[in-house]
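Scroll down for the structure; my scribbles are underneath it.
The values are calculated or read from the model by the stated rules, or taken from the named source; none is laboratory data. Everything numeric here is computed off the predicted structure, so don't read it as measured data. Neighbour counts run over all protein chains shown; Cβ positions are idealised from the backbone, glycine included.
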Amino acid sequence: MRLLIFLICLLNPLNTWCSSLSPKATSTILYVGTYTGDGPNDSKGIYAFSLDDTTSTLTPLGLAVATTNPSYVLIHPTHKYLYAANEEDNGRISAFKIDSAQAGRLTFINQQSSAGSAPCYLSTTKIGGHIFVANYGNGTVAVLPTDANDGSLKQYTGFDQQTGSSVDPDRQRSPHAHCILLDKIEQNALSADLGSDQIYTYRFFPNNGSLLRIQATKIARLGDGPRHLVFNSNQKFVYVANELKSTVTIYNYFPSLHSVQTISTLPDGFTAWNSVAEILLHPISENYLYVSNRGHNSIAVFKVDNNIGHLELIQHINVQGQTPRNFNITPNGKYLIVANQDSNNLVVFSIDSTTGKLTATGSTAQVSKPTCIKYLVQ
């Protein structure tokens, strides 16, 4: 019988029955947020690229949509919509429809206030009913409902003004909310505030989209400047990237935040300026954690002890550019792509599935002032 099927498909490879038996190739679209400008070589909005999963080649698809300073972008769980934080004094969140027929194209839906200034981070619920935003400029966080029919944004329903300051005279004179993220069971949200050296815990109420502040935890090492955080899948641990002191702090999450380790993201002996930016766990195994260093211009790779949460530094790799503001790992865990803000390039690295270490693939692409990468698997 197998031989008969083989011969039928060999003689008529276009037979729809045969094609249905063949595995379908998938393509990955990258949406890249940027800082925009008025110059002829400046970015004008959100750009799109396609990634060849076999060759790691990036192909530019052009400007997906024009919008001002979309420094952080987020794809809705349905893959129908994309949201962008327009990082301006009068902060706004823009909603776009993803064109299913023309790869990389976005169409404007609507826009709402971010309830603060300089919005820099977006996250969402698993079903995409609410968008969470952190406003760096004035240290506020907010929740915006989405319309289930057309993906449009509604006015914010949840809000909190963070407070306080810390020891750094330049960066910590006032609160600067840098991220807000729901835990895995979507009961509470954590927000890292760089300006006040605090991590805020909120109860989230999906019935009305409100936030209730539960507590604000002052971190143990003042001046660290917590920026971004990630939960592991069983939410036993929270990993926090500390921008100002180039460290990662691991916290036990439940019932309250408790620090279990702080580790440097830099090699011994490095004394020049550096600030940490993005932090991600490997999406498949969670056995490895990745952090970007701006200044040292590297990705630091850590091995994760999932029993006690501790990290062990196993690699630094040069990002082949300057100021790795953001990076993202493809959903299949195969590639890590870095957005180098000040050298205007994207760089593709492969991830060893056994060791977690990175290797440069030689694949790069140009885009002015890239600040955020998100993937759409088709």
TODO: Considering each residue of the range 44-100, count those that are under 17 Å from the mean Cα position of the chain (by Cα) and at pLDDT below 95, and give that number.
DONE: 0
Open item on the list: Of all residues being surrounded by 23 or more Cβ atoms within 10 Å (Cβ to Cβ) and of a type outside the set (A, V, I, L, M, F, W, C) in the range 214-242, which is farthest from the chain's Cα centre (by Cα)? Just the residue, please.
Closed with: Asp224
- [ ] For the range 5-12, indicate whether the set of residues that are surrounded by 14 or more Cβ atoms within 10 Å (Cβ to Cβ), in a helix (DSSP H, G or I) and at pLDDT below 95 is non-empty.
- [x] yes
- [ ] May I ask you to say which residue of Ile250, Ile284, Ile314 is hydrophobic (A, V, I, L, M, F, W, C) and in contact with a Lys or Arg (Cβ under 8 Å, 6 or more places away or on another chain)?
- [x] Ile314
Task: Failed item, numbered, when Asn188 is tested on (1) touching a residue at least 40 places away in the same chain (Cβ under 8 Å); (2) under 20 Å from the mean Cα position of the chain (by Cα) - done: (1)
Task: Failed condition for Arg171, given (1) more than 21 Å from the chain's Cα centre (by Cα); (2) under 17 Å from Thr125 (Cα atoms); (3) surrounded by fewer than 19 Cβ atoms within 10 Å (Cβ to Cβ) - done: (2)
- [ ] Scan the range 276-296 residue by residue and report those that are surrounded by 20 or more Cβ atoms within 10 Å (Cβ to Cβ) and more than 15 Å from Val238 (Cα to Cα).
- [x] Val276, Ala277, Ser292, Asn293, Arg294, His296
Task: Whichever residue in the range 38-64 is small (Gly, Ala, Ser) and assigned to a strand (DSSP E or B) and, among such residues, is surrounded by the most Cβ atoms within 10 Å (Cβ to Cβ) - done: Ala64
Open item on the list: If a residue must be closer than 17 Å to Phe159 by Cβ and either in contact with an Asp or Glu (Cβ under 7 Å, 6 or more places away or on another chain) or not aliphatic (A, V, I, L, M) (or both), how many such residues does the range 83-123 contain?
Closed with: 13
Open item on the list: Among the residues of the range 183-213, what is the count of those that are exposed (fewer than 14 other Cβ atoms within 10 Å of the Cβ), in contact with a strand residue (DSSP E or B) (Cβ under 8 Å, 6 or more places away or on another chain) and farther than 19 Å from Lys236 by Cα?
Closed with: 1
- [ ] State which residue pairs qualify: first residue on the phi > 0 side of the Ramachandran plot and inside the range 198-224, second residue of a type in the set (Asp, Glu) and outside any strand (DSSP E or B) in any location, beta carbons under 6 Å apart, and separation of 6 or more residues or different chains.
- [x] Gly223/Asp168
- [ ] Would you mind stating whether Asn306 is surrounded by fewer than 24 Cβ atoms within 10 Å (Cβ to Cβ), among the polar types (S, T, N, Q), closer than 18 Å to Ser353 by Cβ and modelled with pLDDT under 95?
- [x] yes
Open item on the list: touching a Ser or Thr at 6+ places or on another chain (Cβ under 8 Å), farther than 20 Å from Thr34 by Cβ, in contact (Cβ under 8 Å) with a residue 40 or more places away in the chain and not charged (D, E, K, R): which single residue out of Thr78, Thr146, Thr125 fits that description?
Closed with: Thr146
Open item on the list: Checking the structure you have, find out if any residue of the range 334-341 is among the β-branched types (Val, Ile, Thr), buried (at least 20 other Cβ atoms within 10 Å of the Cβ) and farther than 29 Å from Asn252 by Cβ.
Closed with: yes
Open item on the list: Condition (residue is among the charged types (D, E, K, R), within 23 Å of His178 (Cα to Cα) and assigned to a loop (DSSP other than H, G, I, E, B)) applied to the range 318-338: is it met by at least one residue?
Closed with: no
